[in-house]
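Worksheet: one structure, shown below.
FYI, it's all coordinate maths here, none of it is from the lab. Everything numeric in this text was worked out from a predicted model, so none of it was measured. Here the Cβ positions follow ideal geometry from the backbone for every residue, glycine too, while neighbour counts run over all protein chains shown.
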Amino acid sequence: MEQAANLTELLVRQKIIAAVFIVLIFLLTIEFIRRRALKERYALLWLAASVVLIPLVLWYELLLKISKVLGIAYPPATILLTAIIFIILILFHFSVALSKTRRHEEKLLLRIVEQDERLDALEREIARLRGSDSAATDGAPESRGG
Amino acid sequence: MSERDRPLYIVPAYNEGANIAAVIADLLTVAAPTEILVVSDGSTDDTAAVVRRTPVAFLELPFNNGVATVLKAGFGYALRHDFPCAVQFDGDGQHIAAEAKKILAPVRADKCDIAVGYRFGKSRIVSSKARVLGRMLISGFLILLTRQYHADPTSGFRAYSRRAIERFARDFPEEFPEVESIVLAKKFGLRLRGEPVTMRPRRGGKSSIKFFGSIYYMIKVTLASLIMMLRRY
């Protein structure tokens, strides 16, 4: 076990690369929220992923313990697994959000169609009234609006 | 028949510029212009222009959505204008206006909430074996789900009662509207019934079902219907 741990202990270089990458994702997410290019509700999982992955990368004892609990012989795989789980969660979250957007889109669309129709009817009615007005003053035959 | 018994004819049309004028002319033989509503599903051809030259009511969806949204728009219109029943009538010319009374009769007599017209006699089209098998399987599956035999669950020639209109204006299945709506009707406690009608062979536009393999279509319909049974409304 001891030997296996030594063999798979993350190199400092690997740690730095992974940590820098995760911190970049974290900062990028924050920056996008700040610029309002990303809504908080869609960013939470990205932030959570960064926050969970950082200790796993930097704190080898923790990674070992979790790997042991999960029965994963090769500890770096735990990091990969965690990342994959977050990716699945984020994707699922997107699917749900997309469905909700579609529902709202349809509702708005039906409302627009209804208002289009009402507007059309109103315009026809106004045209008809104007028509009959001028018909009354001009003595012209009543025209049907349209 | 009193004035208030008159249905709204809802005509879903997607790029039916070639057929829609004939369909409207056919409908005008049985209905007044105010009783005909064409709903264009974001057509990109001249459907809108053709319909606007006729006296019938017209709604245009700003982009393509599918039959479910079209029907919701139509049902909403029927409710706003206080129609007691509605007929769904395809814009591609395969349905015959004079046949509508056959599906309307049981709805008006309050024998059912939805009457589905199915092809009957000589108007039956020659289908591929896979299609026939697919339809048989869907029918069998629907018997299991609804304890009722449906001769042609994919038919889009239907009459709806006021109750059905009210319910379906809020929820109408999106993926496979024809088949799923039968399952949904059962779930909503709406009474369904099939009526034999004469139909023309398809002309102009193509059936959307043609694009999928029939069996693949059937599997998807089955899955969607099962999920529908589990859904909360």
What tally of residues in region B:54-67 results from selecting those that are part of a strand (DSSP E or B) and without any contact (Cβ under 8 Å) to a residue 24 or more places away in the chain?
-> 3
Filter the strands (runs of 3 or more DSSP E) completely within region B:68-187 down to those with at least 2 residues that are within 17 Å of B:P201 (Cα to Cα) and away from chain A (no Cβ under 14 Å).
-> B:114-119
Might you let me know whether region B:34-52 holds any residue that is part of a helix (DSSP H, G or I), closer than 22 Å to B:D82 by Cβ and out of contact with any His (no Cβ under 7 Å at 6 or more places or on another chain)?
-> yes
Of the listed residues (A:E105, A:E114), the one being out of contact with any helix residue (DSSP H, G or I) (no Cβ under 7 Å at 6 or more places or on another chain), within 14 Å of chain B (Cβ to nearest Cβ) and among the acidic types (D, E) is A:E105
Just one listed residue, out of B:I96, B:I114, is out of contact with any strand residue (DSSP E or B) (no Cβ under 7 Å at 6 or more places or on another chain) and either closer than 23 Å to B:S43 by Cα or in contact (Cβ under 8 Å) with a residue 12 or more places away in the chain (or both), and it is B:I96
Taking region B:1-33, which residues are touching a strand residue (DSSP E or B) at 6+ places or on another chain (Cβ under 7 Å) and part of a helix (DSSP H, G or I)?
-> B:I20, B:V23, B:I24, B:L27
